[in-house]
1. How big is the charge dipole of segment 53-197 about its Cα centre, in debye rounded to the nearest 20, if each Lys and Arg gets +1 on its Cβ and each Asp and Glu gets -1 on its Cβ?
2. Could you tell me whether segment 63-208 comes out rounded, prolate or oblate from its Cα gyration tensor? Rule is a ≥ b ≥ c as square roots of the eigenvalues, rounded for a/c under 1.5, then prolate if a/b exceeds b/c, otherwise oblate.
3. Could you please report the charge total around Val124, scoring K, R as +1 and D, E as -1 over all other residues with beta-carbon less than 9 angstrom from its beta-carbon?
4. Taking the number of other C-beta atoms within 10 Å as the exposure measure, put Phe48, Phe181 in order starting with the fewest.
5. Using amide H atoms built in the peptide plane, which far-off residues or other-chain residues are under 5 Å from Val143 H to H?
6. Test of understanding: ordering Asp72, Asp106, Asp128 by Cβ neighbours within 10 Å, fewest first, what list do you get?
7. Using the structure shown, select from Lys70/Lys156; Lys70/Lys204; Lys118/Lys156; Lys156/Lys207 the pairs with a Cα to Cα distance greater than 25 angstrom.
8. Neighbour counts of other C-beta atoms within 10 Å: give me Val44, Val52 arranged from fewest to most.
Amino acid sequence: MKAGITATALLLAVLTGSTAAAQTGAPANAASAPAPAAQAPALVPDGFAVPVLAQGPGFALVPLGPPLVKIDYDAYMASIAHLQQTFTRSTSWPHAGLTHADAMADMEGEQARFMARKSFAYGVLTSDGRRERGSVYVSPSPVPGYDAMVRLWVTKAEYDAGFDAALYDWVQGWIAREWPFARVAYPGRAIAWDEWDAKVAAAKAVKK
């Protein structure tokens, strides 16, 4: 796609220090990167090249990490009630008491998990990289029978403009084309929340 290609290429260059190492799992700054949980297995095979840039119509996906902390924080703090209702269905995140230090700790954690190939969180940015429209998360599924779980959110303004449905449609195609998963769970979308919650509860009960 030609639209925004120069801006996203420049954005990728800015983020290279925190994302290129994801291909090998080696932190760009090993001295400061938080250590990932050793017990969690990698989500993708060793030979799989994890995407560090993906372009859609009017947006680009890049890995979440410290370079994106401000625009990520601005995005979700402007949509607290919306995200509590549509994404987390909880007042635990986001909430008005979140600080910039909290936001940075979250970004460092997402970066560490990305580099360890355990889960992959992406900011959905405008093509010029100036604003975050939402986020996409590719994670292990807590329910057996799925290779991965994919969740996404968009800001209240983007939701009202119809971007949520457009992004979900694009993400399904991207996952099918670019990721090594045969069966993917989309909670709250392809699977109703009530059904998904019941599956998660059943899986937890079996583990006890």
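Laboratory data are not the source of any read-out in this text; all were calculated from the coordinates shown. The structure displayed is predicted, hence computed values, not measured ones. Heads up, the Cβs are rebuilt from the backbone with ideal geometry, glycines too, and the neighbour counts pull from every protein chain shown.
1. Working: 13 positive and 17 negative charges, 51 e Å.
Here the size comes out at about 240 debye.
2. Taking the square roots of the gyration eigenvalues as a ≥ b ≥ c, segment 63-208 is rounded.
3. Numbers: positive: Arg133; negative: Glu132, Glu158.
Net of charged neighbours comes to -1.
4. Phe48, Phe181
5. Amide H to amide H, under 5 Å and 5 or more residues apart or across chains, Val143 pairs with nothing.
6. Asp128, Asp106, Asp72
7. On the way: Lys70/Lys156 18 Å; Lys70/Lys204 35 Å; Lys118/Lys156 29 Å; Lys156/Lys207 37 Å.
The answer is Lys70/Lys204; Lys118/Lys156; Lys156/Lys207.
8. Details: Val44 17, Val52 20.
In order of increasing Cβ crowding within 10 Å: Val44, Val52.
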